[in-house]
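Chemist: Before I ask anything, here is the structure I am working with.
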Amino acid sequence: MELPPKLWFQLERLKKALRSTFGTSTQKYDTSHRMCPNCRALVERNTSVCPFCGEKLRSARARSSSAVPGRILGVIPIPSTATSAVVAVNIALYAISWYMTASSASAQLNPASVMGGISGEVLLRLGAKSPYILVGQWWRLVTAIFLHAGLLHIGLNLWCLFDLGPEVSRCFRLPNSWCSIWFRGWRDSS
């Protein structure tokens, strides 16, 4: 007796979930082929020229190697000097604000935040955005960029900064990058 397709699909999905849970995966991957970056055809791993498009291929790299040039752990781009400076200022101001929060909590005999939370009063004293901008404290628009309210906040912001910072600095450093071409076209059109 044959199962209906919907029930068969759900049963296969359940089997796959159980296999992955108990670590008995039977799925094997074919590593004898790789994809040509030009025509996207599957060619043998040790081929130096694609038989379909004639493109010269780089030598196949080992699967376990995670070293990608210009990247930390093969994932995070190496930060530029400007990115490193912004990261250093962010970490320094977070350390200062954490110290100020801990010292004000101990002065008031309150327990300090365990997860690195920063007091709102400390953030306001260091320059967080607030209604004071409306009365002429415009510097708060800049200082608020470097202030963070907790470990998760600064962690995610630094992650994005490490990821996007090198690309942005490369965008403004290279004279013929896509950014300068776009800005030149935008400037000429206006």
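The values are calculated or read from the model by the stated rules, or taken from the named source; none is laboratory data. Because the structure is a prediction, the values reported are computed rather than measured. Note that we place each Cβ from the backbone using ideal geometry, even for glycine, and neighbour counts take in every protein chain shown.
Chemist: If only one of ALA92, ALA82, ALA102, ALA128 is under 19 Å from PHE162 (Cα atoms), surrounded by 12 or more Cβ atoms within 10 Å (Cβ to Cβ) and either in contact with a Ser or Thr (Cβ under 6 Å, 6 or more places away or on another chain) or not basic (Lys, Arg) (or both), which one is it?
Modeler: Exactly one residue qualifies, and that residue is ALA82.
Chemist: Determine which single condition VAL75 fails, assuming it passes every other condition in (1) at pLDDT 85 or above; (2) under 26 Å from SER169 (Cβ atoms); (3) among the hydrophobic types (A, V, I, L, M, F, W, C).
Modeler: (1)
Chemist: With modelled with pLDDT of 80 or more and over 17 Å from the mean Cα position of the chain (by Cα) as the only criterion, which of LEU124, LEU109 stands out?
Modeler: LEU124
Chemist: Which condition from (1) part of a loop (DSSP other than H, G, I, E, B); (2) closer than 30 Å to ARG71 by Cα; (3) without any contact (Cβ under 8 Å) to a residue 12 or more places away in the chain is the one that SER84 breaks?
Modeler: With respect to (1) part of a loop (DSSP other than H, G, I, E, B); (2) closer than 30 Å to ARG71 by Cα; (3) without any contact (Cβ under 8 Å) to a residue 12 or more places away in the chain, SER84 is out only on (1).
Chemist: Looking only at region 121-149, count every residue that is small (Gly, Ala, Ser), within 27 Å of THR83 (Cβ to Cβ) and either in a loop (DSSP other than H, G, I, E, B) or in contact with a Cys (Cβ under 8 Å, 6 or more places away or on another chain) (or both) and tell me the total.
Modeler: 3
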